[in-house]
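Below is one structure; the comments refer to it alone.
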Amino acid sequence: MNVSARNVFAGKITALTDGAVNAEVELTLSGGDKIVAIVTEGSVQSLGLAVGKDAVAYVKAPWVMLLSGAPDVRFSARNQLAGTVSALTKGAVNTEVGITLAGGTVVHSVVTNEAVLELGLKLGEPATALIKASHVILGVPA
Amino acid sequence: MNVSARNVFAGKITALTDGAVNAEVELTLSGGDKIVAIVTEGSVQSLGLAVGKDAVAYVKAPWVMLLSGAPDVRFSARNQLAGTVSALTKGAVNTEVGITLAGGTVVHSVVTNEAVLELGLKLGEPATALIKASHVILGVPA
Amino acid sequence: MNVSARNVFAGKITALTDGAVNAEVELTLSGGDKIVAIVTEGSVQSLGLAVGKDAVAYVKAPWVMLLSGAPDVRFSARNQLAGTVSALTKGAVNTEVGITLAGGTVVHSVVTNEAVLELGLKLGEPATALIKASHVILGVPA
């Protein structure tokens with residue numbers, strides 16, 4: 001099976017908080033990086049999501065927001081993934097940016113070329129990827 | 001009135017599950033295809049959403065993720081719309097992909113040209129569109 | 001600090017509704033325009049979100065849907081920001097559209113060039129930006 005999402009993060013569920021309609025699921029990736037997803041309780045049931053189970057997080061690159069510079073703001077986004085710029089693939093309008101996290105996970109983002117200049121993104125420099133938990137799709141082996 | 005969303009799905013509300021802040025709303029389209037949306041309870045009240053009422057689901061094409069091949073993963077996305085690739089409109093960077101569902105609904109997605117190759121998308125071949133319920137905007141006649 | 005989000009709206013929290021997993025936060029901007037965000041209760045706690053506190057809302061331009069013409073549909077999107085088209089920057093495939101609200105806030109959206117034609121967007125004409133509350137990221141001074 002193939003998926004159009006640029007970010008495919010395999011890991012293990014390490015926390016699960018239930019709500020009335022939605023649940024918050026924390027996935028710990030092999031290198032120790034963590035991704036939090038908000039999914040419906042219907043999905044928790046139908047996928048059998050539980051702490052200790054394997055799961056995969058899918059995130060389309062345009063849903064990843066990037067930060068650079070000293071963090072003078074704290075964000076509501078549950079996923080604030082600090083790392084180093086490891087890829088910059090420039091197109092006519094947008095650039096795909098790769099950020100390698102401490103645990104080795106590479107997060108891909110698509111931002112405008114203008115944003116790359118404004119953020120001063122350069123290979124080897126620090127940057128942070130922000131992903132809302134509600135933008136993460138979870139999958140489990142069928 | 002015109003809307004920039006590429007996907008405009010008219011149907012009837014066939015299920016509604018309330019939560020503290022959010023509600024899950026199922027829309028059945030004329031051909032029988034179903035779309036699930038998560039909206040706030042504030043919207044349920046202000047729009048008068050209820051089972052049996054007409055409603056329209058709006059989804060921007062870049063929010064639709066695509067799958068191809070044998071489904072060896074089960075997903076949290078509430079909308080997993082299996083169909084046949086019925087349109088491939090290639091641009092410089094992205095391709096707009098049309099997927100026709102069993103009930104005749106056409107779902108439009110925008111993915112990178114690279115993803116089209118990786119997924120091996122071809123006209124007439126099966127593919128699945130994934131849409132998170134939280135990415136669907138609902139409308140009702142004013 | 002720099003952010004890749006095209007929309008950065010600074011304001012004050014004027015309402016906060018708690019849920020089991022998520023909370024709805026209303027931000028009033030300096031000119032009186034309002035933005036509603038859905039964030040997790042975890043974020044409400046960790047950021048110390050409360051009525052009267054300063055906060056900033058971040059929204060990537062591709063997450064903004066546009067409407068034109070007489071509003072014959074009512075929408076679930078909590079943010080329905082009526083204004084006037086004040087910028088149209090056309091690219092090869094997409095156009096960045098600026099909409100100036102009554103309070104002076106400019107909302108940026110990226111839509112396809114095709115959508116600009118279909119909506120008949122022109123400088124000085126009315127248009128409405130739709131933003132789902134769950135697509136808004138909140139920030140507070142660190």
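Derivation of every value follows stated rules applied to the coordinates shown; laboratory data play no part. Owing to the predicted nature of the structure, the values given are computational and were not obtained by experimental measurement. Methodologically, a virtual Cβ is constructed for each residue, glycine included, from the backbone with ideal geometry; neighbour enumeration extends over all protein chains shown.
Over all residues in B:102-113, what is the mean tally of Cβ atoms on other chains that come within 10 Å of each residue's Cβ?
2
Taking H as built 1.01 Å from N, whose amide H comes closer than 5 Å to the amide H of residue C:76, not counting residues under 5 places away?
B:138, B:139
Check which residues have an amide H placed less than 5 Å from residue A:111's amide H, if you skip close sequence neighbours.
Distant-sequence amide H within range of residue A:111: A:95, A:97.
In sequence order, what are the phi-derived ³J(HN,Hα) couplings for region C:48-60 according to the Karplus relation 6.51 cos²θ - 1.76 cosθ + 1.60 with θ = phi - 60°, rounded to whole Hz, with x for glycine and proline?
Here the 3J(HN,Hα) series is x, 5, 7, 4, x, 7, 6, 7, 10, 9, 10, 9, 5 Hz.
Tell me, what ³J(HN,Hα) does each residue in region C:17-29 have, in order and in whole Hz, if you take phi through Karplus 6.51 cos²θ - 1.76 cosθ + 1.60 with θ = phi - 60° and put x for Gly and Pro?
Each residue of region C:17-29 in turn: 10, 8, x, 6, 10, 10, 10, 9, 10, 9, 10, 9, 7 Hz.
Which of the listed residues, C:128, C:84, C:102, is farthest toward the dipole's positive end in region C:61-130, when Lys, Arg count +1 and Asp, Glu count -1 at the beta-carbon?
C:102
Rounded to whole Hz and in sequence order, give me ³J(HN,Hα) for region A:127-140 from the Karplus expression 6.51 cos²θ - 1.76 cosθ + 1.60, θ = phi - 60°, writing x for Gly and Pro.
7, 10, 9, 10, 10, 5, 4, 6, 9, 9, 9, 9, x, 10
Mind jotting down a quarter of the surface of the convex hull over the alpha carbons of region B:61-130, in square nanometres, one decimal? If you can, show how the numbers build up before the last one.
Details: hull surface 17.8 nm².
Computed as one quarter of the Cα hull surface, the answer is 4.5 nm².
Counting only other chains, and only Cβ atoms inside 10 Å, what mean value do you get across the residues of C:54-64?
Partner-chain Cβ atoms within 10 Å, mean over residues of C:54-64: 4.
Rounded to the nearest 500, what is chain C's calculated 222 nm mean residue ellipticity when only DSSP H runs of at least 4 contribute -39500 (n - 2.57) each, over all residues? Write out the running numbers ahead of the final one.
Numbers: 2 runs with 14 residues, N = 142.
Helix contribution divided over all residues of chain C: -2500 deg cm²/dmol.
Taking amide H positions as placed 1.01 Å from N in the peptide plane, with prolines and chain starts having none, which residues 5 or more places from residue A:10, or on another chain, fall under 5 Å of its amide H?
Amide H to amide H, under 5 Å and 5 or more residues apart or across chains, residue A:10 pairs with A:57.
How large is Rg over Rh for chain B, taking Rg from the Cα atoms and Rh as the Kirkwood inverse mean of 1/r across Cα pairs?
For chain B, the value is 0.99.
Which whole number gives the average, over all residues in A:23-30, of C-beta atoms from other chains lying within 10 Å of the residue C-beta?
Rounded to a whole number, the mean comes out at 1.
Based on alpha-carbon centroids, what's the gap between region A:98-142 and region B:79-109 in Å, whole number please?
Each part reduced to its Cα centre gives a spacing of 26 Å.
Give me the dipole magnitude in Debye, nearest 20, for region A:61-131 about the Cα centre, with unit charges on the beta carbon: positive for Lys and Arg, negative for Asp and Glu.
160 debye
GNM on chain C, C-alpha springs below 10 Å: top fluctuator among C:82, C:115, C:92?
C:92
Taking one equal scatterer on every alpha-carbon of the protein assembly as shown, how large is log10 of I(q)/I(0) by Debye at q = 0.06, 0.12, 0.14 1/Å?
-0.21, -0.98, -1.45
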